1. Please pull out the direction-averaged projected area of the stretch 160-307, using the convex hull of its alpha-carbon atoms, in nm² to one decimal place.
2. Given a Förster distance of 35 Å, report the FRET efficiency between Gln186 and Arg289 from their Cβ-Cβ distance, rounded to the nearest 0.05.
3. Loop only per DSSP, at most 15 neighbouring Cβ atoms within 10 Å: give me the trypsin sites (Lys or Arg not before Pro) in the stretch 190-297, ordered by residue number.
4. Return the carbon/sulfur percentage of the accessible area of the stretch 173-307, one whole number, probe 1.4 Å, all protein chains in place.
5. How about the stretch 179-258: which GluC sites (Glu not before Pro) there are in a DSSP loop, with at most 12 other Cβ atoms within 10 Å of their Cβ?
6. Is the shape of the stretch 164-208 rounded, prolate or oblate, going by the alpha carbon gyration tensor and its root eigenvalues a ≥ b ≥ c, with a/c under 1.5 for rounded and a/b larger than b/c for prolate?
7. So, R0 is 25 Å and r is the distance between the beta-carbons of Gln282 and Arg89; what FRET efficiency does that work out to, to 0.05?
8. Please list, ordered by chain and number, the residues whose modelled amide H lies under 5 Å from the amide H of Phe253; skip anything fewer than 5 residues away on the same chain.
Amino acid sequence: MRLPLGRQPALSLSGGNKQHLHLTGGILSIGECCYLSHIPPYAGSAEAAGKLFTHGTHALPPPDNCAFKHVGGRTFFMLHEALIRKWSRTWKLTATDQQAVPGLCEYTRRVPRRADIISQGACPERIHIILTGWAARYNILGNGKRRITAILLAGDVCDYHGSILGRMDHSIFARTDCEIACVEPQRIPEISVSHPSLARAIGRSALIDEAIMRRWLVKSGRCEALEAVSHLLAELHVRAGVIGLTDDHSMEFPLIQEEIGDATGLTAVHVNRVFKKLRELQIVSAHQRRIFSHNQEELKSLGGFDL
């Protein structure tokens, strides 16, 4: 995204000799281009921040799973990159449409890992959109067990219908630290007037999410363990690729076996056996919280994944 020059983030120094630098939301200009659409509140050393301009490194600690831009030897993270990538895949967006996304997601908050983004029974006043990180929808069953009904990635809308129905019938927790955009519901009709293509992209994206959920329902309890886990891995790899989170046939994978079991209706023991089988077949391997897909087409075939 190319933006006009001259709009700098607000800077202030405090902390005596330590000289801590505080940055608030704004647009950062570098050379002839401006690529950073939003800077979340952050306090760090002035020395580290100075490297942004002198040594080509980023001064801000980027949120988990955040996309990067490399410009003139410098590295910057794009808070809205995943969201723009996803919506652009569902409907063709002009440069003007893409530049409207940060305005739509003007208000953000960071949710720490394991905390609920929104809980069952809550009455959401705003629509929550994941800008960075992983999250999951879940319900607690009568026997106290948890059932995960969807894995959410950057660019996914958490509660598009919750704001309409008035009350959440499930909870959503942050699997990793997440940066969440909080959008007022009335902004969607406004966007449909000023940026109709963007509104169509949002609506179409919601329909795709519902199609994925229906496929989960079909698979739930109706397939073998190998097929269930393979389908989940294939789905997440494709979705991560859409938003730029795959690298050389691999992706960061923060889910543990218990959570995969909660999503597929399997025990952690069954999940462990499936991963062992996938390794033996040289289809998938896991190392240091990353999943490596050695044969993506075979993985899709095993899982019956065709979306």
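1. Numbers: hull surface 40.9 nm².
Average of the hull's projected areas for the stretch 160-307 equals 10.2 nm².
2. Numbers: r = 40 Å, r/R0 = 1.13.
My answer for the efficiency is 0.30.
3. On the way: sites: Arg200, Arg204, Arg214, Arg215, Lys219, Arg222, Arg239, Arg273, Lys276, Lys277, Arg279, Arg289, Arg290; in loops: Arg222, Arg289.
For trypsin sites (Lys or Arg not before Pro) across the stretch 190-297 that sit outside H, G, I, E and B with at most 15 neighbouring Cβ atoms in 10 Å, the list reads Arg222, Arg289.
4. Details: 3390 of 6700 Å².
In the stretch 173-307, the share of accessible area belonging to carbon and sulfur is 51 percent.
5. Numbers: sites: Glu179, Glu190, Glu210, Glu224, Glu227, Glu235, Glu252, Glu258; in loops: Glu224.
In loop regions of the stretch 179-258 (DSSP not H, G, I, E or B), the sparsely surrounded GluC sites (Glu not before Pro) are Glu224.
6. Numbers: a/c = 1.95, a/b = 1.69, b/c = 1.15.
Prolate, because a/c is 1.5 or more and a/b exceeds b/c.
7. Numbers: r = 30 Å, r/R0 = 1.20.
Calculated transfer efficiency: 0.25.
8. Those qualifying (amide H under 5 Å, at least 5 residues apart or on another chain) are Arg290, Ile291.
The values are calculated or read from the model by the stated rules, or taken from the named source; none is laboratory data. Predicted model, so just to flag it, every value in this text is computed and none were measured. Neighbour counts run over all protein chains shown; Cβ positions are idealised from the backbone, glycine included. For accessibility, only protein heavy atoms count, side chains too; no ligands or nucleic acids. Shrake-Rupley method; radii C 1.70, N 1.55, O 1.52, S 1.80 Å.
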